[in-house]
1. If you check A:R60, A:R76, which single one turns out to be away from ligand 3 (no atom under 16 Å from the Cβ), assigned by TED's automatic domain parsing to the domain that holds A:G211, more than 16 Å from the chain's Cα centre (by Cα) and not small (G, A, S)?
2. Do we have C:V90 as surrounded by fewer than 20 Cβ atoms within 10 Å (Cβ to Cβ), over 13 Å from the mean Cα position of the chain (by Cα) and in a helix (DSSP H, G or I) here?
3. Residue by residue through region A:150-192, note down the ones that are at positive phi and within 11 Å of ligand 2 (Cβ to nearest atom).
4. Being crowded, with 19+ Cβ neighbours inside 10 Å and within 16 Å of ligand 1 (Cβ to nearest atom) is the requirement here; does E:P169 meet it?
5. Among the numbered criteria (1) of a type outside the set (D, E); (2) within 14 Å of chain A (Cβ to nearest Cβ); (3) in a helix (DSSP H, G or I); (4) open to solvent by 10 Å² or more (accessible area, probe 1.4 Å), which single criterion is violated by C:K177?
6. Identify all residues within region E:18-74 that are β-branched (V, I, T) and more than 16 Å from ligand 4 (Cβ to nearest atom); write none if there are none.
7. Looking at this structure, is B:I72 open to solvent by 10 Å² or more (accessible area, probe 1.4 Å), of a type in the set (A, V, I, L, M, F, W, C) and more than 14 Å from every other protein chain (Cβ to nearest Cβ)?
Amino acid sequence: MLEAVNVSVIYEGGFKALNGASVQLAAGTVTGLIGPNGAGKSTLFGVLAGAVRPVAGEVRLGGEIVTQHGPAWRARRGLARTFQLSRELASLTVLENVLVAQPHMRGENVLSLLWSRRAVRDEEDAAIDKARALLQRVDLWKLADAPAGTLSGGQKKLLEICRALMLDPRIVLMDEPSAGVNPTRIGEIVEFVQALRAEGTTFGLVEHNMGMVRLLCDHVYVLAEGQVLTEGRFDDVIANTEVASAYLGAQS
Amino acid sequence: MGQLLVNGIVAGLLLALPALALSLTFSVLRFANYAVGSYLSCGAYLVYIGNVVLGMPLWLAASAGAALFAVIAVGIDWLAYRPLRDRGGVTLLVASMGVAIALENVIRFFAGNLPRAYNVPVARPMRFGDIRLNHEQLTILVAVFAALAVVWIIFRFTRLGRMMRAVADNPDLAAVRGISRSRVVAYVWLIAGMLTTLSGVLVGLDANVEPQMGWTYLLPVFTAAILGGIANPMAAVAGALTLGLAEELATLVMPVHYRMIVTFLVMVALLLVRPWGLFGTRWVTK
Amino acid sequence: MTVYLIATLTLVAIAALAGLALNLQWGMGGLVNFGLFGFYMLGAYIAGLLTVQGLPPLVALGVAMLGVAALSALSALISVRLSEDYLAIVTLGFAECLRLVISYEGWLTRGMLGVSGIERPLQAWWPRGWGDTGFLLLALLAVLIVYTVLQALARSPFGRLVRATRDDPGVVEALGKSVLGVRVRVFAIGGAILGLAGSLHAFYYSYIDPTQFGPIITAYAFMAVVVGGRGSNRGVVASAFTLIFLLEGSRFLIDLVPGLGASELAAIRLFLVGVGLVALLIFKPDGFGREPRSALADKTSSRF
Amino acid sequence: ASLASPPMSLAQQSPIRIGLLAPLTGIGGPYGQEEEQAARAAVKIINDAGGVLGRSLELIVADDETQPTAGVAAARKLIDVDKVASIAGVWSSAVALAVKPITLEKGVLLTVNGSADEITDGDNKNLVWRFQTNGKSWGEAFSKAMAKDGIKTASILVLQTPFTQSTIQPFRKSFTDAGGKVLDEVSFNAGQPSYRVEVERIFGKKPDAVFVAAYINELSAIAKEAFRSGYDSKIYAFGNAAGSNGQFVKNVGAEVAEGVHHTQQVPVGKSAAYSRYLKEIGKPDGTIMTFGAQVFDQIVLTALAIEKAKSTDGVRFGVEVPALVNADAPSIGDPAEALKALRAGKPFRYAGAASDFRFAPNGDQTDLTFGHFLIKAGDSKLVGEIR
Amino acid sequence: MTTSATGLELRDVVAGYGGHPILHGVSFSVRAGETLVVVGPNGSGKSTLMKTAVGLLRPISGQVLFGEANVTTLGAPARAARGLANVPQEANIFRNMTVLENLQVGYEFVASHSAPSFGKRLDAVLDLFPEIRAKLRSTAGYLSGGQRQMVAMAAALMPEPSVLALDEPSAGLSPRNAEILFEVIGRVAASGVTLLIVEQNTRLGLGAADHGVVLVGGRIRLAAPAAEVLADPDIRRLYLGGA
Ligand SMILES: Nc1ncnc2c1ncn2[C@@H]1O[C@H](COP(=O)(O)OP(=O)(O)OP(=O)(O)O)[C@@H](O)[C@H]1O
Ligand SMILES: Nc1ncnc2c1ncn2[C@@H]1O[C@H](COP(=O)(O)OP(=O)(O)OP(=O)(O)O)[C@@H](O)[C@H]1O
Ligand SMILES: [Mg+2]
Ligand SMILES: [Mg+2]
């Protein structure tokens, strides 16, 4: 479905954050990406989503090479992502933050605003219903009219997820969705993911919450120092002593 | 050609001080002070009073004027900018437009519109082979380099500099790390006030002392600061030198009155290659 | 006095149009257009030059709007690579260069002498002596139309997308929308409005020359938007009114101060204008209005 | 006896309002105050002499910020709110061009100092009068002055305004016709931070003389720059820049100013009107203030025309303006005496303070004599006259 | 680490933004040298409480006490000077300064004269978080999420504070680093520092605490010894994530 093949990333200033890493997100599965802090997980997500240009290697989406295409192009083909440090649209309301993500809005075209006002309004109503359903799930609907900049840290993370799901994506990349989120709400996220996977959506998941990874991931990659250290089923991977000492600590 | 280079460098240095003041206030307070030109004029006039009315030697008048105007700059901040501190860069920019109009007319009220000159003799140039360097240019060279060095050291290596950059970066975090924002802001204005006064004197030496003098410098100063990378004070200096040289060398290929077009094209080209300014670095906000 | 009020209101209308254009470009779209006066000037020159060539004024106005819109759209193309501050200086530089060209290319623009004898649109319609009033009505109509259109845009999904681009272009890209496309459209619409404002300027004064156009026009537009409350169209119109009357009203103030020379009084007047501006910002912190929102409260009122 | 105490009616009737639209701020700022002083002086002299039509004059001053848009706003206020009979002192040609349509429409007399040819173009219904040489005569005056000084090569440094520009073509033509050679010409913009580039370019070619067509601020900066850069070409400048009440010398110092030539309309110094003007503003004889003198003439002639036409309607009294200076009769320079002669029905012509000029039908001044001055040891000395 | 320990107390604090209260009368106290952990759902006001405690938010009513002293009207810099250090939840580093400069700023404006030299403290802190040693010269804004968190924690520890207020210190840390973090917290607590911690990783957090507070909707739902909070079945189900 979505794969990175031997990608390397060198940041401005010369730091090599990825060094020939390859991952594969199989259709309809949840693929986990774990590894120590600074291993390059978020960078790899950036590469998959098109926000970070690799210096070597390529990215394939549904078999097609998409390395040269930007994030907007990939998003239009059904790839959605969340950011590790939430990037809410601060001056827009919570509801608006979610609505912007709705694809194919005719109301975003200045001319159709003039010609087909009715259709624009109907589309908007439908989008609001969809957004409401999402926001209610994470208890943000009560804040629908608050500017997103005033949300609490955890609420912003939840908003990120709603916004990504609003895209009707075929693939979702979630970067630490659980960080800062209350344990009870994490359950909500897990349910979201499970329901959508059942419908065929593909997921990529960066997480430090091992419970969540164990529960959700069909396949796990361990990244360290820009390279894939090992991969496999969750239980097999964490049995690896190297992983245990570098990543899990005494928990293992 | 050699002469063109010398002239370009001097023109650039003349821009460097106010550009430095501008980017210093910008980098800490996150707003572009439109009144920087009026500050320059005010400083020049204060020094004029010391030099011509009270008969002090120019260096003494300049020091006294710089000290006095530094305090005034803090006062202006307290009256006009402090109440708007949390209201976003452009609100403050617009406020500084108001301050600029007000200051320029304070000058006009007391000093009228006629141009004036400092009490220093105008002398013939020194010659080094083909190249002429006049006394004002030499003064400019020395004064600007000294001021730049001092500010650079303060900003890059001292506690005060770190305080300024911390407040610029994240005022709330700076507060919990024990840094009082109002103190830092006051320091910034003190330094900016001195820099603008000094540049006012140099501009006055170079041309005339008149109410519009700062206004005429405003556009090039902004250009220089932004070209260099406005959030980075030392880059503003590089921007100023680039601008000075570009204007001077442009006359080789364009009619003199169109030299700005060349400058503009150079600037756009540079910014397209280096979108964060010549020497600026990306300002990280997330 | 009535005549004078009519003249002043016409200025308000023109200032309001420039303010509305900036409110779209910068207020909503986050694109700092310091070169606003250049686009405005271009509108005035296209309208003025075409009218003195014998084109009907309304046609000239239409051409001016289209021309400025096209050029604005072009200049938005470079905005993708530039952050806020840099776009500001690039547009400003562009405007200054444009003014230079207009000043020196006399064969085309009549240089520093300026273009005089520009005829106003629809002057034959009004009875003799009512020309100024008629022109004011025309200008007010223009403001009304632009206001309505912008208000509708602001509440539409397009407006929401524009504001999203202002807040974080990176997110908008990640959501599959073209940031460049949004910016080009915003600049083009704003440009058309600036072309309109510039044309009205040319018609109103019936004489244009390069000294009439400078960064101060941009400054006034920013004042209108910031004093009005960024993003609020109603606020912009209200503050254009306030600002012009502050500027004009102060002319009367100086008649009341005895014992000072005219130069001193002129200085005091402009001093008060400057101080008044700062005071407005300090004592009217929310401006005159709020930014319109797309998802209306009535649609979400049943949210519990 | 009536000279000491004005007639009763003067205090009772409402005054006649005269507008002065002066450049109090902006690039014309250096001349605004001079204009205001001159206008006040003229008004005072007229009022002391009993006013006109038995009413006193009242001067209303407005600032045009040397900017057409502000100028129009200020003119609107003068006309629509203050109801002035005339507007005097319009310094910038651009402002004059912008204000002209309004004054024409409202029938208000407009007297200007701007010299762009367009100002007096078209049918002006006797409402627009220029109190300034046009560019052509002034340009030619410079070439004649240079010819007399034996200048063979000259370069031109010209500020980009309608007035300064309009002097260049006539100067070039007249100078080359007389066998001189123009080496180079550079235009520059108002309000530049520095003029070093221009100076290098123009003076670097070492012409015998440089014609600097600019105002006092730019001239001061340019003269200083040329001196400091070690250049020796002679500078020729406008009297309103280099003379200007001694301000230029004060600015740049006697050493830099030494040897700068300037020309302007005379009879400065031997005109009764000019002496009266200087006396009224308390300046010593020999002070050179061109714009002030022009405004003085504007106000005086406006007053005389009103008295003569027995009307404050611009269209009616505007007609009288040329008649008052063009008449074939004895010259009078003192405004008070002119007023007396007018009341007594004695024929006379007004000989102005700025120059002993005549008016052409289109509104331009003709018949001007230029004085050729040279700055020596900090003082402007008259070295010749050019017709 | 430090000798003079200070307690922290909030009395009836009502606080919020733009006049709208978020905290509706919150009171608790942490005795000198003890550790208190606040847990609760997202948006319940934990960060707001933290901001009030460190002086970034002026309460609408109520008092903040620092030992015996009432510091309600003191700003954040003054409280920092009295030995309070803070790691905020978001924006907790100076993004445009290097990591080293972040640590320097953490130290130099508050460290008392009797404190060990900068170099000594730097070594000590880097020993706690060895992963950031390699990044000392990097711009902090380019760090990964977890690296930022460690830099923020290190900067707060630099001046040897007597009270440490941490808002979700473990968010974004790898399991191993989270463990290290709580080891460090335990050591700091043992040295007599008073700790106020907001934590979503409730098990780890409450496990390291003396006292626990559950904040719901801006009101204290439960305040008890940490072990009791962990054991309360209702609280577990509603706020601590399942069984
Ligand atoms: N823009 C950048 N410029 C320079 N270096 C960067 C940049 N972004 C990230 N890095 C470096 O690249 C490395 C990988 O960062 P990345 O964010 O991908 O890590 P991560 O695996 O997501 O870690 P974490 O679990 O802490 O979020 C880190 O060492 C980081 O410092
Ligand atoms: N600057 C602000 N302006 C207005 N409201 C705000 C602001 N900051 C927070 N709020 C509101 O206050 C409430 C509490 O926010 P706070 O950040 O204290 O929550 P929290 O308990 O820390 O949540 P989390 O666990 O998600 O970090 C939230 O509903 C939020 O919307
Ligand atoms: Mg990461
Ligand atoms: Mg929080």
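The values are calculated or read from the model by the stated rules, or taken from the named source; none is laboratory data. The model shown is predicted, which means the values in this text are computed figures rather than measured ones. So basically every Cβ, Gly included, is an ideal-geometry build from the backbone, and we count neighbours across all protein chains shown. All accessible areas refer to the heavy atoms of the entire protein, side chains included, with ligands and DNA or RNA removed. Shrake-Rupley method; radii C 1.70, N 1.55, O 1.52, S 1.80 Å.
1. Just one listed residue meets the conditions, A:R60.
2. Values: surrounded by fewer than 20 Cβ atoms within 10 Å (Cβ to Cβ): no; over 13 Å from the mean Cα position of the chain (by Cα): yes; in a helix (DSSP H, G or I): yes.
Against the criterion (surrounded by fewer than 20 Cβ atoms within 10 Å (Cβ to Cβ), over 13 Å from the mean Cα position of the chain (by Cα) and in a helix (DSSP H, G or I)), C:V90 does not qualify.
3. Let us first name the residues in region A:150-192 that are at positive phi, namely A:168, A:176, A:180.
Residue satisfying the conditions is A:G180 alone.
4. Yes, satisfied.
5. With respect to (1) of a type outside the set (D, E); (2) within 14 Å of chain A (Cβ to nearest Cβ); (3) in a helix (DSSP H, G or I); (4) open to solvent by 10 Å² or more (accessible area, probe 1.4 Å), C:K177 is out only on (3).
6. E:V30, E:T35, E:I60, E:V64, E:V71, E:T72, E:T73
7. Here the answer is yes, as B:I72 does meet what is asked.
Matching residues to (1) open to solvent by 50 Å² or more (accessible area, probe 1.4 Å); (2) among the β-branched types (V, I, T); (3) within 10 Å of chain C (Cβ to nearest Cβ):
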{"position": "B:E248", "(1), (2), (3)": "no, no, no"}
{"position": "B:V253", "(1), (2), (3)": "yes, yes, no"}
{"position": "B:V268", "(1), (2), (3)": "no, yes, yes"}
{"position": "B:L272", "(1), (2), (3)": "yes, no, yes"}
{"position": "B:G277", "(1), (2), (3)": "no, no, yes"}
